[in-house]
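Here the structure is laid out as structure tokens; the discussion comes afterwards.
The values are calculated or read from the model by the stated rules, or taken from the named source; none is laboratory data. Predicted model only: the values in this text are computed from it and were never measured. Cβ: placed from backbone, ideal geometry, glycine included. Neighbour counts: every protein chain shown. With ligands, DNA and RNA removed, areas are computed over all heavy atoms of the protein, side chains included. Shrake-Rupley method; radii C 1.70, N 1.55, O 1.52, S 1.80 Å.
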Amino acid sequence: MSGDEMLDGEAQGEGGDLIEVRRRKLASLVASGRKPYGTVVGPTHYAGEITGRFDEHEGRIVTLAGRLRALRVHGKATFADLQDSTGRIQLFVSLGVVGDESYEAFRELDLGDIIAATGEVFRTRRGEISVRVDRYELLTKSLRPLPEKWHGLRDVEQRYRRRYLDLIVNPEIRKVFETRSRVISQIRAFLVRRGYIEVETPMLHPIPGGANARPFTTHHNALDMDLYLRIAPELYLKRLLVGGFDRVFEIGKNFRNEGVSTRHNPEYTSLEAYQAYADYRDMMALTEELIAEVAEQVVGSLVIEFQGKRIDLTPPWPRLSMLDAIRIHTGIDFRTVPDGEKVRVAREAGVRLPEKAGAGKAIQETFEQLVEDKLVQPVFITDHPVEVSPLAKRKEDDPSLTERFEPYINGWEIANGFSELNDPIDQRERFEAQVRAREAGDDEAH
């Protein structure tokens, strides 16, 4: 019986029946004096290093620890697949080596059980790298059967909700986690080399701010006051600039009480970086340099393949104003449309708008709904309307727009930045406009 057949066979039974069978096995183990959860055996080697450097390990005695993923019984010999954090390796267990009692006990193990196995590294006659087991220990008895290989855990939502099972059944997903860790490490190293100081700012805010988003509300019992999980660290990071730090950054969680999808998570990790004596042009250069260097370090290339698309991250990336992007991709030239007509023109183009939307909102929504998914290659979209950019500095040649940018790759907005508004009178007026918007029913106003 192959490992895949074994998985399929388990999947065909009733889950409750399989769990009951495993519980009886557990009771038998305990009755015989064995400790199915008490033993700790640390590995001396890992599957990946043995299969990756077989010549160095051939003939050595090693100890591996991991989860059983397949059992193939052939009379007096049994082959098993052991999966650890680095990959899979085959175990060869024979009656003549381990003895009658241990051999029968091994055959009674279930897929998902965690064991430690010690033996000699060798290659079978079929050429498969294996470990000839001379002793083993059951470390953890698994009471629940794993999802079968081909159909057990394919639903995207279930995979996101049960990541532990996704990693067991689809071990290639581990590469996503490993890549993410390396990306964050490289981002941190990039910024530190450029004189940025990493900081941590509060997660609990008395007033939600720093972004257009709906906050999560919580309650502080000792102070008897409502607080908000942060939607952005922006306002606290800016206070550090006021206090005299020229370059600061934070990598941490934000919380936004909005929709859930594969592109939107209510709880997500963000990077925010601030630099004194710099404008949005400097920050665009920093952004493209950061992404290019991280890609080079982690992936080894500035040209990547993603979802069947070839994307070139090589700087410099094009700079394109939001109004020009709309004109190029939709034919609508909002520069020639009076402010009082922009909402009507957007709606006639099929853009969904709030009832009390203004001209700036019409421009932004037209871009987001009709243009952004067409931006596959890296590009900076600049010059956003003031109405939707309450913290960004106005453009000197057009005060209705701001010195703001958003880089897009594969149709996704991956960042947001701008020249900081440093006019306190203008800032207060915009904050007051945000308050009026919130009082009028805009839950995402600052």
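May I ask you to list the residues in the stretch 211-230 that are outside any loop (DSSP other than H, G, I, E, B) and farther than 26 Å from Val248 by Cα?
Thr217, Thr218, His219, His220, Met225, Asp226
Starting from the stretch 53-64, keep only residues that are in contact (Cβ under 8 Å) with a residue 12 or more places away in the chain, then list their pairs with residues that are assigned to a strand (DSSP E or B) and of a type outside the set (A, V, I, L, M, F, W, C) whose Cβ atoms are within a distance under 6 Å, requiring at least 6 positions of separation or different chains.
Close Cβ pairs satisfying both conditions: Ile61/Glu120; Thr63/Thr118.
From (1) under 27 Å from the mean Cα position of the chain (by Cα); (2) free of Cβ contacts under 8 Å to residues at least 12 places away in the same chain; (3) assigned to a loop (DSSP other than H, G, I, E, B), pick out the condition that doesn't hold for Trp317.
Condition (2) is where Trp317 drops out.
I'd like to know if the stretch 386-406 contains one or more residues that are in contact (Cβ under 8 Å) with a residue 12 or more places away in the chain and under 24 Å from Ala295 (Cα atoms).
The answer is yes, given that some residue of the stretch 386-406 is in contact (Cβ under 8 Å) with a residue 12 or more places away in the chain and under 24 Å from Ala295 (Cα atoms).
Can you find, within the stretch 36-76, the residue that is most open to solvent (accessible area, probe 1.4 Å) among those that are more than 38 Å from the chain's Cα centre (by Cα) and under 30 Å from Leu143 (Cβ atoms)?
Looking at residues that are more than 38 Å from the chain's Cα centre (by Cα) and under 30 Å from Leu143 (Cβ atoms), I get Lys76.
Check the stretch 191-210 and report whether any residue there is part of a loop (DSSP other than H, G, I, E, B), at positive phi and buried (at least 19 other Cβ atoms within 10 Å of the Cβ).
Among the residues of the stretch 191-210, at least one is part of a loop (DSSP other than H, G, I, E, B), at positive phi and buried (at least 19 other Cβ atoms within 10 Å of the Cβ), which makes the answer yes.
Within the stretch 401-410, is there a residue that is modelled with pLDDT under 95 and of a type in the set (S, T, N, Q)?
No, there is no match, as no residue in the stretch 401-410 is modelled with pLDDT under 95 and of a type in the set (S, T, N, Q).
From the residues in the stretch 13-35 that are charged (D, E, K, R) and in contact (Cβ under 8 Å) with a residue 60 or more places away in the chain, which one is surrounded by the fewest Cβ atoms within 10 Å (Cβ to Cβ)?
Looking at residues that are charged (D, E, K, R) and in contact (Cβ under 8 Å) with a residue 60 or more places away in the chain, I get Arg23.
Restricting attention to the stretch 297-323, and to residues there that are touching a strand residue (DSSP E or B) at 6+ places or on another chain (Cβ under 6 Å) and of a type in the set (D, E, K, R), which single residue is least open to solvent (accessible area, probe 1.4 Å)?
It comes out as Asp312.
Residue under question is Glu5, and the condition is that it be part of a helix (DSSP H, G or I), in contact with an Asp or Glu (Cβ under 8 Å, 6 or more places away or on another chain), acidic (Asp, Glu) and at pLDDT below 85; does it hold?
no
So which residues in the stretch 228-269 are within 24 Å of Arg159 (Cβ to Cβ), open to solvent by less than 30 Å² (accessible area, probe 1.4 Å) and at pLDDT 95 or above?
The answer is Asn254, and nothing else.
Across the stretch 423-444, which residue is modelled with the lowest pLDDT among those that are touching a helix residue (DSSP H, G or I) at 6+ places or on another chain (Cβ under 9 Å) and within 18 Å of Arg214 (Cα to Cα)?
Glu444
Which residues, counting only those in the stretch 324-364, are open to solvent by 100 Å² or more (accessible area, probe 1.4 Å) and among the polar types (S, T, N, Q)?
Thr336
Conditions first: (1) modelled with pLDDT of 95 or more; (2) loosely packed, with under 15 Cβ neighbours inside 10 Å. Leu286 passes all but one, so which condition is the exception?
The single condition Leu286 does not satisfy is (2).
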